[in-house]
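Working notes for the structure below.
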Amino acid sequence: MSEPYRVPVIETDRSKAGLAIHLVATTTGRSARRLSEPGRLNPLDCRARWVAMYLSHIAFGWPLERVGHVFGVNRATAGHACRWVEDERDRPELDSLLDRLEALIAGLFDAPRCELPR
């Protein structure tokens, strides 16, 4: 049997996706470790991972293909996740959460880099 298709992902992208996963896990009460695992998830964890994918797509400006590579899914799955979240933004509490998380990420990445002393 052949190995699944995998695209190399740079460490910076992994770190950014990890940030999105941890922010979503913290604000939804889900397990960040569980959201990072490959394979099928229970419905609540799956939706939380979809929110992290959407957040990566919007906050980092990643195209769906890049989101898919980083999260280990195909582009169609990343697109489905983002469409689901976009539809769910009609719910005021989710819309507010996403606005706050997007602003938090923008604040982190708009700040000047800090060089640590050696």
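With respect to Asp90, determine if the residue is assigned to a loop (DSSP other than H, G, I, E, B), at pLDDT 95 or above and either among the aromatic types (Phe, Trp, Tyr) or over 10 Å from the mean Cα position of the chain (by Cα) (or both).
So Asp90 fits the description; yes.
Working only within the range 17-42, note down all residues that are among the β-branched types (Val, Ile, Thr) and buried (at least 16 other Cβ atoms within 10 Å of the Cβ).
Of everything in the range 17-42, those that are among the β-branched types (Val, Ile, Thr) and buried (at least 16 other Cβ atoms within 10 Å of the Cβ) turn out to be Ile21, Val24, Thr28.
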| message | So the check is Cβ under 6 Å with 6+ separation or different chains; which pairs have a first residue in the range 97-117 that's modelled with pLDDT under 90 and a second one that's open to solvent by less than 50 Å² (accessible area, probe 1.4 Å) and not in a helix (DSSP H, G or I)? | response | none
| field | Residue match in the range 65-78 (condition: crowded, with 19+ Cβ neighbours inside 10 Å and aromatic (Phe, Trp, Tyr)) | value | yes
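The values are calculated or read from the model by the stated rules, or taken from the named source; none is laboratory data. What you see is a predicted model; the values in this text were computed from it and never measured. Positions of Cβ are backbone-derived with ideal geometry, glycine not excepted, and every protein chain shown enters the neighbour counts. These area figures cover heavy atoms from the full protein model, side chains too; ligands, DNA and RNA do not enter into them. Shrake-Rupley method; radii C 1.70, N 1.55, O 1.52, S 1.80 Å.
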